[in-house]
1. Please work out which one of (1) surrounded by fewer than 18 Cβ atoms within 10 Å (Cβ to Cβ); (2) modelled with pLDDT of 85 or more is the condition PHE231 fails and give its number.
2. Scan segment 127-150 for residues that are part of a helix (DSSP H, G or I) and closer than 26 Å to VAL56 by Cα and jot them down.
3. Is it the case, given these coordinates, that ALA283 is outside any helix (DSSP H, G or I), at pLDDT 75 or above and either out of contact with any helix residue (DSSP H, G or I) (no Cβ under 7 Å at 6 or more places or on another chain) or not acidic (Asp, Glu) (or both)?
4. Only one of LYS62, LYS77, LYS21, LYS48 is of a type in the set (Lys, Arg), at pLDDT 65 or above and farther than 30 Å from VAL159 by Cα; which?
5. Of all residues in segment 376-406 being more than 23 Å from GLY430 (Cα to Cα) and in contact (Cβ under 8 Å) with a residue 40 or more places away in the chain, which is surrounded by the fewest Cβ atoms within 10 Å (Cβ to Cβ)?
6. Evaluate the following for ILE184: is it in contact with a strand residue (DSSP E or B) (Cβ under 6 Å, 6 or more places away or on another chain), of a type in the set (Val, Ile, Thr) and within 30 Å of GLN626 (Cα to Cα)?
7. Search segment 71-87 for residues that are within 16 Å of LEU52 (Cβ to Cβ) and pair each with any residue that is part of a loop (DSSP other than H, G, I, E, B) and among the β-branched types (Val, Ile, Thr) when their beta-carbon atoms are under 6 Å apart and the residues are at least 6 apart or on different chains.
8. Could you please find all residues in segment 317-330 being in contact with a Leu (Cβ under 9 Å, 6 or more places away or on another chain) and either at pLDDT 80 or above or within 14 Å of ILE427 (Cα to Cα) (or both)?
Amino acid sequence: MPRCKDVEVEIVSDEESQNPKIWLKGPKKQLDIAMDEFLEQEMGTFEKPLNLPQNVLKVLIKKEGKDAIEKVLEDQKLNSVIKLNTSFENVSASVLGNSEKDVREAVSRISEIAAEEKVEVDQQNVALKSRTEWTELCEEIKKETDVLIQDEHLPVTLVVGFTDDVKNSVTRLQQFVDRNSIRIEQLICPSKDVKQYIRQIRGEDLRSIETELVHDDVKILDDNGEDAYKFYISGRGEGLQKSKTLLAEIIDKTVASNFTIEQPGLRKTFERGRGDSLVKMVATDQKCLIRIENKFWQNNGGDSPLEGYTQDNSSDLTQFVTPQGHRISIQIGNIAEEQVHTVVCPDGECSGSIQKSSPAMSQYLGGLQVGDISVLDGVNLPCQYVIHTRCSNWNNGLGEETLRKIVRESLYKVEHNSGDSIAIPVIGSGKLNFPPNEACRIMLDETLTFCNDNPLSCLKDVRLIAFRHNQSTTDALRQEMDKRTKGKQMMSLSAIPRDRMKKPFQREKEKHSTPTLTTFGRVAIEIITDNLTRQDTDAIVNTINADMKMSNAGQLSSVIAQESGPGVEKECESLGLQPGGTAVISRGGKLKARYIIHLIPISSDKQHLQKCLEEGLRLAEANSLQSISIPAIGTGGHGMSAVQSANMIFQALQNVCKDCVSIRKVNIVVFQDHSQVMSILEAFEQEQKRQQNAAFHDKIETQPIKQTVTVRVTGSDEGVLQGR
């Protein structure tokens with residue numbers, strides 16, 4: 001302000017203008033000096049806008065807000081003032097001062113005085129905000145604080161007021177939402193048979209759980225068979241957790257047992273329908289699920305001319321066993337009548353037969369592009385699933401790769417769905433003009449390649465079906481089968497193109513990689529390429545230093561810290577210094593995984609890292625986690641090769657998982673954007689195959705085929721024993 005003694009200063013506010021006018025009055029000489037001084041000060045003034053939400057600015061223009069601003073500026077000794085402008089419904093504000101530093105600091109401090117935060121619920125839980133308890137909580141908060149709660153009955157509720165009041169209020173409101181919201185969680189079954197048994201036989205127990213926990217809106221959802229291994233449960237709070245405990249008890253008390261029946265006359269018994277009727281009668285009487293896994297017949301006319309496979313030249317069945325233990329058979333019949341896990345249905349005569357046997361399938365068939373496959377429910381057919389597909393024309397050999405792709409992807413799809421058997425018609429030999437011998441050659445090539453690459457696959461029964469009255473296709477199938485069995489050669493690799501002799505991942509890389517499962521005890525282990533932070537498992541595994549500072553523990557730990565949010569990093573740091581060679585667990589924060597298991601190695605020694613991983617796995621088991629994702633531990637800062645890492649991880653899994661009860665699934669995640677992803681993935685797949693082959697040589701013993709039926713019974717202990 002001008003320092004001239006004889007100059008009077010008057011500030012006049014104009015009601016029609018937002019900017020006040022300043023009048024100077026005095027002798028002209030002193031007035032000129034005062035004007036110069038005033039202009040000089042004005043030129044040295046800095047101004048910075050307050051970019052805050054309207055609701056926050058409306059809090060600041062109130063008396064309490066202005067008092068809070070004045071106190072902050074005074075406490076911080078900031079030579080600044082705030083300018084507030086109100087126009088209709090809008091408020092704007094800026095900070096002025098003679099120091100740019102003071103102005104910036106003042107803006108920062110004032111921005112912390114008041115806040116606006118959201119409390120959101122999804123559409124499924126919006127009814128929560130209509131409950132009396134919610135309204136009473138909002139009213140209670142309003143009385144205790146000066147916060148404003150807007151749209152309290154809508155999906156998004158705004159809480160506005162002084163910052164501390166807003167944070168406390170939002171915490172209370174969010175706790176109410178979390179406690180009372182309906183969520184969906186999953187529970188993994190050890191097998192598809194266990195889930196099917198509980199659904200079909202223990203349905204009353206499932207309804208009892210829902211009835212007992214009806215106040216928490218608990219429902220065991222019907223997924224229409226889309227997931228063969230998981231139950232999906234919706235509910236809220238403690239009721240949801242209790243329902244999972246009760247269902248887990250039912251799962252744990254359910255057992256499954258395989259046994260083989262070997263006696264004369266089995267073939268006729270089942271062909272005449274008496275075998276299936278007997279199975280249904282026993283299952284109903286003993287309240288258990290009985291599934292016929294395999295039926296294998298041998299003529300009584302003597303031993304097969306070749307060891308390891310059986311031929312029946314008098315009927316519609318010829319089959320052999322590969323060195324890997326897979327039974328491949330050719331049959332004459334109707335694809336719609338095959339009692340297998342999955343049948344393949346290409347467009348044409350097959351789809352007509354399927355629709356005739358199950359008219360409900362009509363709405364699902366058709367509309368595919370050449371080479372596509374689609375997995376459908378078996379509806380009223382004797383199979384569980386139908387793979388619908390569309391092949392191309394032969395076109396002088398150009399259609400061969402399409403047929404190879406269809407057969408290959410169908411086999412891997414059944415393997416992925418834990419199927420034990422598949423029936424595939426001879427595709428292309430009709431209107432698509434494939435020469436019958438070429439179609440049969442291609443299909444047998446792909447089948448044998450799959451068997452060779454997957455020695456421990458659960459898919460052990462592959463049936464190639466020729467339609468009745470199609471003698472040329474039947475003859476071609478027999479001829480191709482004979483080529484592969486002469487001289488006891490179960491597989492003619494010379495007939496397979498070199499590019500088809502690559503590993504599954506290399507063959508499928510351009511379209512997809514079909515993972516192979518390894519099992520240790522009850523735990524399924526799968527190798528995938530992906531981003532660890534995107535895994536939807538119960539937990540992911542991280543490595544961290546003993547000081548528990550995620551951001552200083554390597555690239556992976558830093559990425560996990562960034563993706564999971566600051567709350568997880570603070571939680572880790574709050575644990576303080578940890579001993580090396582151990583593991584701790586934290587929340588997952590913003591990740592899809594609910595938890596993070598932090599391994600704490602203090603050495604790059606392979607045995608030490610293996611000990612850390614084993615501790616982490618035991619920690620997951622102790623916390624009743626069911627699924628875990630593990631990175632390629634050691635291939636980063638610890639300097640291990642991919643081969644060493646793979647060997648270490650599989651050894652740790654083998655040591656721990658054989659005794660696990662809770663853990664059911666482990667994903668080994670190779671980072672998809674890693675510069676050496678192919679070599680790392682190959683090392684892990686080689687180690688996985690080594691583990692499989694070791695188990696294979698321990699367990700597989702090829703025997704001559706006899707007239708047997710393999711049966712799997714699932715139910716309670718008593719029901720399974722009596723069912724046998």
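1. (1)
2. Across segment 127-150, the qualifying residues are LYS129, TRP134, THR135, GLU136, LEU137, CYS138, GLU139, GLU140, ILE141, LYS142, LYS143, GLU144.
3. no
4. The match here is LYS77.
5. PRO382
6. Yes; evaluated as a whole, the condition is true for this residue.
7. From residues that are within 16 Å of LEU52 (Cβ to Cβ), the pairs are LEU84/ILE61.
8. Within segment 317-330, HIS326, ILE328, SER329, ILE330 qualify.
The values are calculated or read from the model by the stated rules, or taken from the named source; none is laboratory data. Keep in mind it's a predicted model, so treat the numbers as computed, not measured. All Cβ positions, glycine included, derive from the backbone under ideal geometry; neighbour counts span all protein chains shown.
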